[in-house]
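The values are calculated or read from the model by the stated rules, or taken from the named source; none is laboratory data. These numbers were taken from a predicted model, which means no experiment stands behind them. Using ideal geometry, Cβ is built from the backbone for each residue, glycine included, and neighbour counts are taken over all protein chains shown.
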């Protein structure tokens with residue numbers, strides 16, 4: 001059984017706060033001193049939030065930052081999430097309310113804070129069997145990932161919407177995949193053997209490359225569940241290649257089920273062509 005990673009495993013517990021009677025100058029200084037992007041406003045309990053953008057807004061309005069109180073320019077009502085909620089629920093709250101910082105509140109008390117950046121490191125990863133997450137999977141910068149969702153409809157997933165995921169297939173990726181999957185075909189691991197093959201050198205596992213399609217589909221808004229995948233391998237992928245998976249919605253089948261074209265490209269062109277059917281729970 002798949003269970004969502006709970007917010008408390010990702011959130012930052014040491015939240016920087018400010019009283020609502022403080023000034024914009026005080027808030028700006030605290031943001032700078034603590035090196036954070038937001039301050040949770042408390043008045044016995046969390047009541048609002050201030051970001052760097054809010055402070056800039058005070059200055060842009062030519063207001064005296066030493067005279068403007070926190071309560072006058074903080075964002076409210078405060079959008080919060082409980083620590084036991086899943087990351088998908090937290091992401092949905094961020095998306096629906098167009099915010100980047102989400103305080104974690106349990107029984108009226110501030111427990112932590114989670115941001116859109118924090119969630120991007122983990123989603124769409126899910127833990128199994130209710131176990132805990134051991135460590136982090138790494139940041140996009142560390143892994144060389146890049147993802148983009150192009151929503152043409154503006155509100156819901158629809159035909160023409162596209163999601164892209166790009167990554168360089170490294171030597172380490174190939175070795176780790178061989179170890180995890182047990183696929184030790186010498187085409188992927190043995191340079192001398194591979195040089196004598198029709199490919200003239202080592203190539204990445206086809207299923208490893210297909211993983212980029214799965215990674216792209218998982219960047220659709222909401223919880224994405226694979227139902228089926230048709231694939232056609234068009235060309236081998238050299239180790240070290242920068243690949244881009246492009247998935248486009250071609251059919252809305254209703255009830256949250258969509259059919260998408262799934263293609264992967266390297267610098268020379270198409271390497272995988274296919275068609276996927278997925279179910280997306282947007283939690284709306």
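Before moving on, here are some points about what is shown:
- Restricting attention to the stretch 209-218, the residues being within 16 Å of residue 243 (Cα to Cα) and surrounded by fewer than 22 Cβ atoms within 10 Å (Cβ to Cβ) number 4.
- Complete set of residues in the stretch 184-208 that are closer than 30 Å to residue 87 by Cα and surrounded by 19 or more Cβ atoms within 10 Å (Cβ to Cβ): 208
- Across the stretch 174-183, the qualifying residues are those that are over 19 Å from residue 245 (Cα atoms) and surrounded by 13 or more Cβ atoms within 10 Å (Cβ to Cβ), and the one among them that is farthest from the chain's Cα centre (by Cα) is 183.
- Being modelled with pLDDT under 95, exposed (fewer than 13 other Cβ atoms within 10 Å of the Cβ), within 16 Å of residue 241 (Cβ to Cβ) and not assigned by TED's automatic domain parsing to the domain that holds residue 95 is a description that applies to residue 171.
- Residue check for residue 102: buried (at least 18 other Cβ atoms within 10 Å of the Cβ), assigned to a helix (DSSP H, G or I) and free of Cβ contacts under 8 Å to residues at least 40 places away in the same chain: no
- Check on residue 245, under 17 Å from residue 274 (Cα atoms), in contact with a helix residue (DSSP H, G or I) (Cβ under 8 Å, 6 or more places away or on another chain) and crowded, with 18+ Cβ neighbours inside 10 Å: yes
- Qualifying position, being in contact with a strand residue (DSSP E or B) (Cβ under 6 Å, 6 or more places away or on another chain) and within 24 Å of residue 168 (Cβ to Cβ), among 246, 280: 246
- Single residue of the stretch 10-30 satisfying the filter (crowded, with 16+ Cβ neighbours inside 10 Å and over 12 Å from residue 70 (Cβ atoms)) that is modelled with the lowest pLDDT: 10
- Test: residue in the stretch 68-80 that is outside any loop (DSSP other than H, G, I, E, B), touching a residue at least 40 places away in the same chain (Cβ under 8 Å) and surrounded by 17 or more Cβ atoms within 10 Å (Cβ to Cβ): yes
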